[in-house]
Each structure stands twice: as C-alpha cells, then as structure tokens.
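Presented below is the structure to which this report refers.
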Amino acid sequence: MEAKLAKYARYRNVVRRLLLLSGIWPHLEDTCRLYRVLTFSATFVIAALGAKVFAYCIDNIAHVSLFAKGMSNAFSFYTSVLKVLCYLVYRKDLVMLNDCLGRRFEDELKREDRRPLLLQSISVYTRFMCIVAGLTATALVFYTLVPLVFIFKYKKLTQIYQGRYPFAVEPGGRVYWCVCFVESISVVFVWNVVCSVDNAFGLHSFRMCGLLRSLADRFAKLQPDDPGYIVELRDCVRTHQLVLRAKEALQRVYGLVVLWTYVTSAIIMCSILYQADQAKKHMTVTRVIFFTSYITLKLLQSFTYAYYGSLVSQESEKCQNAIYTSNWPGSGDLRLMKDVLIIQSQRPIVLRANGFFIVSMEMFEKIVNTTISYFFLLQAVEEK
C-alpha cells in the first residue's frame, strides 16, 4: 500500500508542476503579473500559429491532402489555446476542486483502512499519464525535427509550420530566424498544456471515484445501534454533497474542452489517416513513427476522457446501491432519513459536455465511427 501511496503522491505532484509550467495553476496570487504575462504571451503565440496554419488551409482549399494536413495542425493548436482559456476563465472552480475535493481526499487518505479503496486504480491513471506524455512529445518532436533537419543539414530554408504571417518573412533574415526559434519553443508550451490539462482531469476524476468508493463502503457498514451512527451518516451525506459540487465544477471547466475534443478528434484522426494513405508509396520510418504516435495520441486522449467519465458514473451507481441497502431507515432520525432520501432521489453522477452528451465510452465509440466515415468521404472527394 505504501507503493500505491507514493505513486499517487508522484502523480499529484507531476500534474501540479505541469500546470505551473503551463502558467495555468489556479492558486497563484493575482500579484504574479509577470507569470500571467508569460502565460498570455505563450497563448498568443500558439493562437498566432493556429491562424498561420489556417491561412495555409485557405490557400490550399482546392488541394484535399494539403488542406487536411493544415486543418489537423490548426485544430491541435486551437485545442491548446482553448484549454488555457477554460482554465483562466473557470479559475474559481479549479480552486474549489483542488481545495475542497483535494483536501477531502487527502483527509480520507490519512486513514489507513480507507487507502485500499481510495487508491484502488492509481496504476491505470499513472500509466495513462506516462503514455500521453510520451506520445505527445514524440509527435511534436518529429513534427518540428524534420523541418529543422532540412534547414541545418540540407540548407533548405523552409518554415517549421507551413502558412503565412501578415508580415514578410524572408528566408535567412532576422525575422525568419526569430520565427523559427519561437515556433520551435512553442511546442514545449503545447506539450505542457496537453499533458497538464488532460491529466488534471484524470486526477479530479480519480479523487471523485475514490471518495465514492469510500462512501459506498461507509454506507454499507452503518449500524443504527452504533453510538457514532448519526455523526458518521451526517459526514457521509456532506461528503456526497461535496462530490456533487465537484462534479458541477468539473463540468464547467471541462465541458467545452470535451466537446471540442469530441468534434476535432475525429477530424484530426481522419486527416492523419488520409495523409498516411496518400504517403503509403513513399513511407519512411520517420513517417511511420509520426503517423502512429499522432493517431495513437488522439485516440488515447479521446479514450481517457470517455473512460474517466464512465468510471465516475459506475462508482456513483455503486454508491447509490450501497446507500439503498444500508441500515439508514433504523436510525430514528427523521432529518437524516430525509437527507438520505434526497440523495436516493438523485440520479447517478454523470459528466456532461456542455449538456450535449454524456462523457462515457459511448462517446469514444462515436468518435471512432465518425473518423472512419470522414476518411471514406475524403477518399471519395479525392477520386472525383
């Protein structure tokens, strides 16, 4: 159990450090103006890159292959921008998740008898975190490394990301080298944002699942003749209310992010499949690694959001069943029985993406089906 506890501590600390490096850790004081300036500057650079690539798409709208390649890059950049903006706008909800939900989870973790329930699936979350970080780094490095190889080895002064700026960028000039430097550094910020925001969602859902498992066990063990029955039941009700508030806060922060992921993941994966299909006659090891890592990353990102949402719903249903089968009717306290009945009257906790759909494995299935449909549509358009 000590190994799992240490693994959770590393998981929590890594997510916190990544959020700090991304400039979106919600607990910074408003006096840290320099920190905020760096955050907005990096976000502006990523947004500018997205606009540059989008202009490339407009210029090549008649060329399906180039248009698809540009759209996948533009959507990737705008995804990072959206995640940063959601974290800045919903800062109070993030503070609530870290202070209230996180503190409650840490308090429960101090009890050794609760640790097996709270840390039950920590290995799954840490494994996903490492895989997402590795795949994101691989895709970004290959996307940046290839143009740099052409620049320094073959003396071909090309831009790292194809597109056009509203100002002149002469190859070999000072502006050109500044643009290359900024675009190279920007991938570090993109990596930080992707890894931190995606894994922070996992951390919050992990805490919610752990508390729901602990609640189910506590409800199941309640005995009306126990002297501390009323106090224990009241604490269970308060914890359940906290999880409900955390669910609402998590939906506000990640609702638009999940919705955007649902829409863009299918387009990006379809574009990658199409590019791979077009390049199959000239496929190299570098391209194989890039295409494989990129599409696996997008699949895993969609899967983790859907999987974490499904876990929260499953643990909530188990908690509801444990409440129903517990011994609360024999307590004799009418107010507490009303509180429990209120909990029973509520539906199991489900995470929704801005009210459009439930974050579950069904969402992931729809993304995969949409990707395949878009891919065949692109092929049909190319044939015509």
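The values are calculated or read from the model by the stated rules, or taken from the named source; none is laboratory data. What you see is a predicted model, and the numbers here were worked out from it, not measured in a lab. Glycine gets a Cβ as well: all are built from the backbone with ideal geometry, and neighbour counts include every protein chain shown. Surface areas here come from the heavy atoms of the whole protein model, side chains and all, with no ligands, DNA or RNA. Shrake-Rupley method; radii C 1.70, N 1.55, O 1.52, S 1.80 Å.
At a 1.4 Å probe, what is the % contribution of carbon and sulfur to the accessible area of region 244-328? Carbon plus sulfur share of accessible area: 61 percent. For the peptides 109-116, 213-220, the ranking by packing is 213-220, 109-116, with the highest mean count of neighbouring Cβ atoms within 10 Å listed first.
For region 42-102, what's the relative contact order in percent, using C-alpha pairs closer than 8 Å and at least 6 residues apart?
RCO, region 42-102: 34 percent.
Taking all protein chains together and a 1.4 Å probe, the residues HIS282, HIS204, HIS63, HIS27 rank HIS282, HIS63, HIS27, HIS204 from largest to smallest accessible area.
3J(HN,Hα) along region 97-104, derived from phi through the Karplus expression 6.51 cos²θ - 1.76 cosθ + 1.60 where θ = phi - 60°, amounts to 5, 6, 7, 7, 5, x, 5, 4 Hz, with x in place of Gly and Pro.
Inter-part distance, region 4-26 to region 73-128, computed on C-alpha centroids, equals 9 Å. Per residue, the convex hull spanned by the Cα atoms of region 46-104 measures out at 76 cubic angstrom. Compactness of region 213-308, taken as the C-alpha radius of gyration over 2.2 N^0.38 Å, stands at 1.88.
In the structure displayed, which of LYS83/LYS298; LYS83/LYS110; LYS52/LYS83; LYS7/LYS366; LYS4/LYS221 lie more than 23 Å apart, Cα to Cα? Mind showing how you got there, number by number?
On the way: LYS83/LYS298 15 Å; LYS83/LYS110 33 Å; LYS52/LYS83 19 Å; LYS7/LYS366 33 Å; LYS4/LYS221 25 Å.
The answer is LYS83/LYS110; LYS7/LYS366; LYS4/LYS221.
Around the Cα centre of region 174-249, unit charges on the Cβ atoms of Lys, Arg, Asp and Glu (plus for the first two, minus for the last two) sum to a dipole of about 140 debye.
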